[in-house]
Amino acid sequence: AQVSDVSVSGASASSNNSTNSAQGKVQLEHAEKAFNQCIIEARGNHFLAHNALGMVMKIRGELKESLNQYNIALMQSGGHLAVVQYNRGLVLEKLGRKDEARKSYEAYLKLSPSGLNADAAKQHLAQL
């Protein structure tokens, strides 16, 4: 299994439509299994799969486990994967840990000043 084979986009735990909600739940379960398989195959060292698993956990509302996965991804990537910093900032912000969230958004912007999430990171910083 490869991380690129699985997507968590479109899987939303907050859908009002029960069919879409059930479908989203199945997609999240499939994604979680696939990302865990990537981690197993890589003997625990697959920062992209840990980042993706953090996204799954965040969608489910499992913020502490999401943060744990992002922390693992950050450690394994040597802190150089910008998207992990951004994702981590989102979760820290939701957990009310604003100082840590600020540091993650700033780290993201330092690593990727014109990246895909740069404008959003700036907006989050302005609101903290």
query = Taking into account only those residues within the range 28-65 that are part of a helix (DSSP H, G or I) and of a type in the set (S, T, N, Q), which is modelled with the lowest pLDDT?
reply = 36
task = Return the residue satisfying two criteria in turn: it lies in the range 117-128 and is open to solvent by 80 Å² or more (accessible area, probe 1.4 Å) and without any contact (Cβ under 8 Å) to a residue 12 or more places away in the chain, and of such residues it is nearest to residue 52 (Cα to Cα).
result = 119
Condition check for residue 93: in contact (Cβ under 8 Å) with a residue 24 or more places away in the chain and acidic (Asp, Glu) = yes
note = Taking the range 69-115 and keeping residues open to solvent by 70 Å² or more (accessible area, probe 1.4 Å), assigned to a helix (DSSP H, G or I) and closer than 21 Å to residue 49 by Cα leaves 75, 111
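The values are calculated or read from the model by the stated rules, or taken from the named source; none is laboratory data. Values in this document were obtained by computation on a predicted structure and should not be read as measured data. All Cβ positions, glycine included, derive from the backbone under ideal geometry; neighbour counts span all protein chains shown. Note: areas computed on protein heavy atoms with side chains; ligands, DNA, RNA excluded. Shrake-Rupley method; radii C 1.70, N 1.55, O 1.52, S 1.80 Å.
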